[in-house]
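Q: Please read through the structure below; I'll follow up with questions.
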Amino acid sequence: MPPVPTAPPGPLLRRRGFLAALAAAGCGLASAPLLAGCGRAADTRSKTLVLRLDVDMGNLDPAFATGRSDYEIMECLYEGLRNYRPGSLDTASTLADEFEVSQDGLEIKFSLKRGIPFHAGYGEVTAADVKYSYERIAGITTPNINSSYQSDWSALAEVRVTGTYSGVIRLKHLFAPLYRTTLPLERGYVVSQRAVLDRGSGFGTAPVGTGPYELVAWEPRNRAVLRRFADYGGARYGYADKVLWDEIHFRPVLDSSSAAIALTAGEIDFGPFAPLDNKRFAGEQGYQTMEHPTFDYSMLGMNVNHANLRDIRVRQAIRSAVDADAILAAAFDGAYRRASAIIPPNMPIGHWDDAPVPKRDVDGARRLLAEAGARDLQIALTSSTDQENPRDVCQIVQANLADAGLRCTIDIQDAGSFWTLGGQAQEQRQLFYCGFSGLPDPYWSMVWFTSDQLNQWNFQSYSDATFDSLQQQALQSPDNGLRQADYVAMQRRWDAAANTVWLAWPQVLFAGRDGVVPSIRVDGRMLAWNFRERA
Amino acid sequence: MAILVLLIVMVFLALLLHILPGNPVTLMLGPRADPALIELARQQMDLNSSVPAQVWHFLTGAVRGDLGRDFLTQRPVSELIVGALPNTLILALTSLALAVAAAIPLAVLSAARQGGWLDRILGTMSVGIISIPSYVIGMVLLLLATVWLGWLPAIGTGSVTDPLDYLAHLVLPALSLAMIWAGYLARLLRSALLEVLGQDYIRAARAYGLAEWRIHYQLALRNAIPSVVALIGVALGDLMGSAIFIEVIFTRNGLGTLLYNATTQRDYPTVRGGVVLIAVLFVLANLLADLANRAINPRLREVR
Amino acid sequence: MSADLAAAPAPRVAGPASHGLNLMRRIVAAPSGVFGLVVAVVLVVVAIFAPVLAPHSYTALDIEHRLEGPSSTYWLGTDNLGRDLLSRLMVGARVALQIAAPAVLLGVVLGLALGLAAGYLGGNVDRVIVVVLDAIQSFPAVVLALAVLALLGSSTWDVVLVLAVAFVPSFGRVTRTSVQAIQALPYVDAERNLGAGPLRIIGRHVLPNVMPPLIVLTAMNLPAAVGIESGLAFLGLGVQPPTPDWGVILSDGFGRIRDSPWPVLWTCAVLALTTLGFTFLGERLRDVLDVRTTEVRS
């Protein structure tokens, strides 16, 4: 069963990362530990929390993390200068004692709390560690580590150390997403410079941070075990209670229905589920379900460079013919909101309030197709097995298009094939169903659809100079009002290009046993360290 | 003989990539793999050596227990298989045990009242049921016992630490598989019994006043069983194949789901490893059945 | 699973006794024969005329009425996208036969050829062929299909080929045993001494005697083929949407079994009827054609 839309695309995920993230379903449970009685008996001596991951773990180095599973584990291991308050869009100070942004926005003066230790005896956090952490991702250190997240720190000029615990972050230009996505999320975590230099590429599986938990076991496709860090510096205790659990286990179980088994068998406590499996637990005694909005989006895209889809009338016809409401009802069990554009309403800025929501118009579609002389067109619809219910979505689209007189073939590929970038794969792409995930700043939703992402993640081959320049403009704008206008303008232009049928803004659906009180970050990621127990 | 068969099977699997039309790497990874992955695949699947060398490496590796590594996570395939095997074996053996346990009384009763209603029903249905796909029976049982009646849990293997729970999860899957073979085994046993019951020594035993049920269960059965033992080997092999469906339907973790998931993920090393194991088990089962047959039936020993 | 019943040949004079109407009459003399014949005929008719017979288009969606039980519009109810189950099952019959029939026929042809070669040529050729057939039989057919389809992907033709290969051993064995028995007969021996060539012997003696068991075996293997093919589709291998293979209908229905049991129920019923029907037909044919059976195990 495919999970919710995949993690952010881009250099974040190499094919191997993708493939690593698509291990066989349920095999995590099939392997020896299960039969060795790893099914949890009630253990009163140590409190253990077991969480399900729906994508496999990859790399816990903030510079190379591969996806949302890594993020959720890293949340327990690392801290940044400022992080999101649990469940809120506000950030609060974690490692930073003082945090002052200059008038022109190009300098951030910070000072660290004293005496915050790293794991594994690597000493205190110092400004030098902050400098190293950020500069290595930005690609400024030598050698350049070529981090997947280099673009997050592309505006970084340097981090100047002014004292053992203080420094200044200097930017080359304004970078609006810095405060919402770079600093408070994975790219803003502070790592121990000594540890990274010691452990080299092994750092990704033996991380050293300042967080309340440290990694004690790493078994890809099986589990990751975290234990409470005895010397935790308490940087988060300004806005959160003391951590409860002695151990936290993360278990990647790719198949949602296998994960449902695990929940009923008591082998996991909580985790995300596909709509159908989530429904099973709604209203059941002893279980709880909840949903949380994300910044993700799923869509039907059209590659405008393909001969079949070059004519805008054909694309508009497709947009008119597809019944998005039917897809939401039948394929997603009504669990997701219908999307009208790329930016969802819970995004702090950028939501286009009065985006047009196309009503299904089969006659209109027929007219457009006739005008375009596209009567005998055969379109190829592709999707990937790692998407949410691709079979139903594709069959509904196929039937919808057939009503308008368009023939359509379906090819649901394995994830490796579908997510191949550029080259022949891109040339052959026509109509496709997939989703990307988003972050709390609209920049990251838009970035994949600019001209420099052609033949990369820009599957629609959307290239518009105004769009590109608006994106650059909004990136460096200090004014939220102006940014809002820019992003709406971008979405307007995009809508006019008619290369996408917006389907859903997927929520993440959780289910778990009644006894845990979950804590979810603003982008839908689990904050395992902050889970509590119901009294 | 069995060894020879096994050898051919292994060679076939080693050569499969080359037998099928298309470039081996493209077959495994799909048409648009990136060069780094292709290189990894070539190395791990030993594609850079000559074809005979590949076969040799595969055979020697398999004997040592090295079936390669799964592409995606680099875990040894043998580890995955060994982890998944116990659940499947338990399922197959339990099903077989249930089938035999049901078959014996059915056969004895039919043979005792030849031509009676039980005999006639058994005659018709035994061949019929065995031809119904296992997943059909599994689904119907799932519907009945779980969705409608809610008696038994629908999914999972249950917690291993709690035997009762594990059993509860085992009942339906084992029953589905057992039902298929019970009728067929019963029918065969019945024929063998009839043959035995016509013998002189049976009549002699009756003349001596031996109780009827004793005659059937102790004397006749003992001499009729050998002809059925042979089939148990076949049954076990067939059960391994059907177990794939049953495991998927009842969402049990085991060799079947491992194989199935590996197939959909295009994880060829794991698929190959799983198939090797199943073939080995099948040949072993038949071998054991053959040996058991010879041990039980002294006449066969002489013929040999 | 493949019904693995091989025939010891009943050497007989090739005569008109087993032809045409007489055969039919004898088949329907028993209830199992009637049942089997009816099922077979209905299936073939539905398969051929499905597009005409089906009350709705098998791709027409009706999202509002999805997962409903039988009603006046949708006689058997609807699936998870609101498509008519009856129509989909009917077209599914066609899909099933389109894969199963060629697979079994191909198996017969290949099995016959191998069996003839083994029986007739004897010696090392025979030994090699027997071992190869044994090797093929040591996989459950599904497992063999998985191994191959993992590489070849989902194409109908690949499924047909794999199934055919899986059935070759049973046909091959039967043929081989037949040939061996025929060759041992005195009058065949005599004919050979009189100068009759191998082709003549095959044509006059072997083929007529091997036909009955082969026919029976075909009738028995057909449901196995349908079962395996639907099973593979259930697992997601072999067909692409929206082909309404019975296995696909089952799989879709299985995912939503708690919302509506009807897709699963009807598909199971259809599969059970088909397999039972053909199996009974095969049994009856075996009785009628007087084919003695002995179980042959690998």
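Q: Calculate the mean, over all residues of peptide B:254-261, of how many other protein chain Cβ atoms lie within 10 angstrom of the residue's Cβ.
A: What the average comes to for B:254-261 is 6.
Q: Then there's this: Of chain B, which part is the longest with no chymotrypsin sites (Phe, Trp or Tyr not before Pro) in a loop (DSSP not H, G, I, E, B) and with at most 11 other C-beta atoms within 10 angstrom?
A: B:1-150
Q: Roughly how much of A:Asp277 is accessible, in Å² to the nearest 10, using a 1.4 Å probe?
A: Using a 1.4 Å probe on the heavy atoms, I get roughly 0 Å².
Q: Follow-up. Using DSSP to call loops (not H, G, I, E or B), can you name the trypsin sites (Lys or Arg not before Pro) in region A:267-345 whose Cβ has at most 14 other Cβ atoms within 10 angstrom?
A: Values: sites: A:Lys279, A:Arg280, A:Arg310, A:Arg313, A:Arg315, A:Arg319, A:Arg337, A:Arg338; in loops: A:Arg310.
Filter output for region A:267-345: A:Arg310.
Q: Over the whole of A:251-264, what's the average partner chain Cβ count within 10 Å per residue? Rounded to a whole number, please.
A: 3
Q: Could I ask something else about it? Report the accessible area of A:Glu219, computed with a 1.4 Å probe over the heavy atoms of all protein chains in place, in Å² rounded to the nearest 10.
A: Solvent-accessible area, nearest 10 Å²: 60 Å².
Q: Report in % the part of the accessible area of the protein assembly as shown that belongs to carbon and sulfur, leaving out ligands and nucleic acids; probe 1.4 Å.
A: That share works out to 58 percent.
Q: Additional query: Filter the GluC sites (Glu not before Pro) in region A:184-260 to those in DSSP coil with at most 14 other Cβ atoms within 10 Å of their Cβ, and list the result.
A: none
Q: Could I ask something else about it? Enumerate the calculated ³J(HN,Hα) couplings along region A:319-332 in order (Karplus 6.51 cos²θ - 1.76 cosθ + 1.60, θ = phi - 60°), each rounded to whole Hz, writing x wherever the residue is Gly or Pro.
A: My calculation for region A:319-332 gives 4, 6, 7, 6, 9, 5, 5, 5, 4, 4, 6, 8, 7, 10 Hz in order.
Q: Nearest 10 degrees, 0 to 90: what angle lies between the long axis of helix A:127-138 and the longest principal axis of chain A (Cα atoms)?
A: Here the helix axis deviates by roughly 20 degrees.
Q: In Å², what does the accessible area per residue of chain A work out to with a 1.4 Å probe?
A: Details: 17850 Å² over 535 residues.
Per residue, chain A has an accessible area of 33 Å².
Q: Just add up the charged neighbours of A:Arg280: K/R +1, D/E -1, any other residue whose Cβ is under 12 Å from the Cβ of A:Arg280. It would help to have the intermediate numbers written out before the result.
A: Working: positive: A:Lys279, C:Arg256, C:Arg258; negative: A:Asp277, A:Glu284, A:Asp333, C:Asp259.
Result for the neighbourhood of A:Arg280: -1.
Q: Report the number of Lys pairs in the protein assembly as shown whose alpha-carbons are under 20 Å apart, with separation of 8 or more residues or on distinct chains.
A: Working: A:Lys47/A:Lys242; A:Lys109/A:Lys131; A:Lys109/A:Lys172; A:Lys113/A:Lys131; A:Lys113/A:Lys242; A:Lys131/A:Lys172.
For the protein assembly as shown, qualifying lysine pairs total 6.
Q: Continuing with this model, one more query. Residue by residue, what Karplus-based ³J(HN,Hα) values in Hz, rounded to whole numbers, does region C:266-276 have, using 6.51, -1.76 and 1.60 with θ = phi - 60° and x for Gly and Pro?
A: 5, 5, 4, 4, 4, 5, 4, 4, 4, 5, 4
Q: Would you mind pulling out the separation of the Cα centroids of region A:433-457 and region A:416-431, in Å?
A: Measuring centre to centre over Cα atoms gives 16 Å.
Q: What is the interface area between chains C and A, defined as buried accessible area summed over both chains with a 1.4 Å probe, reported in Å² to the nearest 100?
A: Values: alone 14440 and 19900 Å², together 32900 Å².
That pair of chains buries around 1400 Å² in total.
Q: Within 10 Å of each Cβ in peptide B:262-275, how many partner chain Cβ atoms are there on average? Round it to a whole number, please.
A: Partner Cβ neighbours, averaged per residue: 6.
Q: Over both sides of the C-B contact, add up the buried accessible area with a 1.4 Å probe and give it to the nearest 100 Å².
A: Accessible area lost upon association: around 4500 Å².
Q: Between region C:19-33 and region C:190-263, what is the separation of their alpha carbon centroids in Å?
A: 22 Å
Q: Pairing the Cα long axis of helix A:68-77 with the longest principal axis of chain A, what angle in degrees results, from 0 to 90 and rounded to the nearest 10?
A: 20 degrees
Q: Could I ask something else about it? Between region C:116-133 and region A:324-351, how many Å separate their Cα centres?
A: Cα centroid to Cα centroid, the span is 65 Å.
Q: Go through region A:248-297 and name the GluC sites (Glu not before Pro) that are in a DSSP coil and have 15 or fewer other Cβ atoms within 10 Å of their Cβ. Could you put the intermediate results ahead of the total?
A: Working: sites: A:Glu267, A:Glu284, A:Glu291; in loops: A:Glu267, A:Glu284.
Qualifying residues, ordered by number: A:Glu284.
Q: Something else: How many nm is it between the label spots at C:Met24 and A:Leu482, if each spot is 7 Å from the Cα in line with the beta carbon?
A: 8.9 nm
Q: Mind ranking C:Val44, A:Val190 by accessible surface for me, highest first, 1.4 Å probe?
A: Accessible-area ranking of C:Val44, A:Val190, largest first: C:Val44, A:Val190.
Q: In degrees between 0 and 90, to the nearest 10, how far off the longest principal axis of chain A does helix A:480-497 point, with axes built from Cα atoms?
A: 30 degrees
Q: Could you list which residues have their amide H under 5 Å from that of A:Gln413, counting only those 5 or more apart in sequence or on another chain, with H placed in the peptide plane?
A: Result for A:Gln413 returns A:Ser383, A:Ser384, A:Thr385.
Q: Residue by residue through region B:85-99, which ³J(HN,Hα) values in whole Hz follow from phi under the Karplus form 6.51 cos²θ - 1.76 cosθ + 1.60 (θ = phi - 60°), with glycine and proline marked x?
A: 5, x, 4, 5, 4, 4, 4, 5, 5, 4, 4, 4, 4, 4, 4
The values are calculated or read from the model by the stated rules, or taken from the named source; none is laboratory data. Keep in mind that what you see is a predicted model, and the values were worked out from it rather than measured. In this analysis, Cβ positions are derived from the backbone assuming ideal geometry, glycine residues included, and neighbour counts consider all displayed protein chains. Side chains are part of the model used for accessible areas, which takes the heavy atoms of the whole protein and leaves out ligands, DNA and RNA. Shrake-Rupley method; radii C 1.70, N 1.55, O 1.52, S 1.80 Å.
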